[in-house]
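The values are calculated or read from the model by the stated rules, or taken from the named source; none is laboratory data. From a predicted model like this one, the values you see are computed outputs, not experimental measurements. Methodologically, a virtual Cβ is constructed for each residue, glycine included, from the backbone with ideal geometry; neighbour enumeration extends over all protein chains shown. Side chains included, ligands, DNA and RNA excluded: accessible areas come from the protein's heavy atoms. Shrake-Rupley method; radii C 1.70, N 1.55, O 1.52, S 1.80 Å.
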Amino acid sequence: MKYILTTACAAACAGALLHVACAMGASAAAFADPLDTPAMASPLAQRTLVNGLAHAGARVVAAGQRGHILVSDDRGANWRQANVPVAADLTAVAFADAKLGWAVGHDGVILHSRDGGSTWTRQADGRAEAQQQGQVRPLLDVWFDDAEHGMAVGAFGLALCTADGGGHWRHCEDQLDNPNGLHLNAVRKVGGAVYIAGEQGLLLKRGADGRFAALPSPYKGSFFGVTGNAATVVAFGLRGNAYASADGGQTWRRAETGVQTGLTAGAALDGGALALVSQSGQLLLSRDGGATFVPETVARPQPAAAALALPGGGLVIGGVRGLYAHVPSAAQAKN
């Protein structure tokens, strides 16, 4: 009896292993490189992860999971999906004007649009880097000064620059004061200056010579981004930490946020207010130049990854559950 049971078990195990092997073989055969797979059209795209938001003139453009890019021409009330040639996760999007835009993400992908975000083509990806170094570093943010000059930054100090609208991208890490190759989480223009925020308290500012010099940092944890206006720049990051500067980043003061969770995105609203959103779904507003941030009631709080100010004081917020528009209470009362 023992032999019979053992044989039966062996047969069952062999069958199970064969099933697993066949499943693995079918999975391998079915694998499609996200860089070679167009983003799938889905009516649920606006409810999936959104990592980046940008203005394309009056239009709002959102980028996120599996190559999804969406556009809205009514301040975020309704969205339609763009045509995108890749299914790689996208992390950020930026526009130089109402027509010319760029999106970046995993697999080192850089996409370009000439029609305000409705259709996209691939300008670059990380395949060459993978062949040379055995890995591909994701791009985490992108910024363009104008239609020709832009920068994309990412993990392990990755920095790419272009002077011809993305026709050619070159490594420009040598222009950054980042000797340890720290992650570069965000590149943004605030008050006429361009800043980079990164891990371990890294804050860089572009000088007149085009180089990014390190600023005195008030915090040793990761910064996820910068926001602000002509009077104030605010750097924000882990554990509710945010710091405001009124002198272009030379000195900083700690902002009171009242939260202990990561602050993931920020925006400067019409009228001078500053907004921060968190990975736990809080929306915080400052009307005192970044000294204090107070919580704003949100109808649909969700873990947030991106925020974009709208003319008139509203916000579009993106996160793990997609997109929603919000009008802060002061702007609502004004209207």
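Structure data summary
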| item | result |
| --- | --- |
| Within segment 92-142, tally of residues that are in a loop (DSSP other than H, G, I, E, B), over 20 Å from Ala155 (Cα atoms) and either open to solvent by 30 Å² or more (accessible area, probe 1.4 Å) or among the basic types (Lys, Arg) (or both) | 8 |
| Count - residues of segment 213-248 that are farther than 28 Å from Cys172 by Cβ, of a type in the set (A, V, I, L, M, F, W, C) and open to solvent by less than 40 Å² (accessible area, probe 1.4 Å) | 2 |
| Residue in segment 289-304 that is touching a Gly at 6+ places or on another chain (Cβ under 6 Å), more than 22 Å from Val327 (Cβ to Cβ) and at pLDDT 95 or above present | no |
| Sole exception among (1) open to solvent by less than 50 Å² (accessible area, probe 1.4 Å); (2) over 25 Å from Phe95 (Cα atoms); (3) at pLDDT 95 or above for Pro179, by number | (1) |
| Enumeration of residues in segment 235-248 that are more than 17 Å from Gln279 (Cβ to Cβ) and either outside any strand (DSSP E or B) or within 22 Å of the chain's Cα centre (by Cα) (or both) | Tyr243, Ala244, Ala246, Asp247, Gly248 |
| Matching residues in segment 144-176 - criterion: being small (Gly, Ala, Ser), touching a Lys or Arg at 6+ places or on another chain (Cβ under 7 Å) and not in a helix (DSSP H, G or I) | Gly154 |
| Answer from Ala63, Ala88 - the residue that is of a type in the set (Gly, Ala, Ser), in a strand (DSSP E or B) and surrounded by 17 or more Cβ atoms within 10 Å (Cβ to Cβ) | Ala63 |
| Filter pass, Gly154 being under 18 Å from the mean Cα position of the chain (by Cα) and of a type outside the set (Phe, Trp, Tyr) | yes |
| Hits in segment 41-60 (condition: within 20 Å of Val187 (Cα to Cα) and either in a helix (DSSP H, G or I) or touching a Ser or Thr at 6+ places or on another chain (Cβ under 9 Å) (or both)) | Asn51, Gly52, Ala56, Val60 |
| Of residues in segment 192-204 being buried (at least 18 other Cβ atoms within 10 Å of the Cβ) and out of contact with any Lys or Arg (no Cβ under 7 Å at 6 or more places or on another chain), the one farthest from Thr232 (Cα to Cα) | Glu199 |
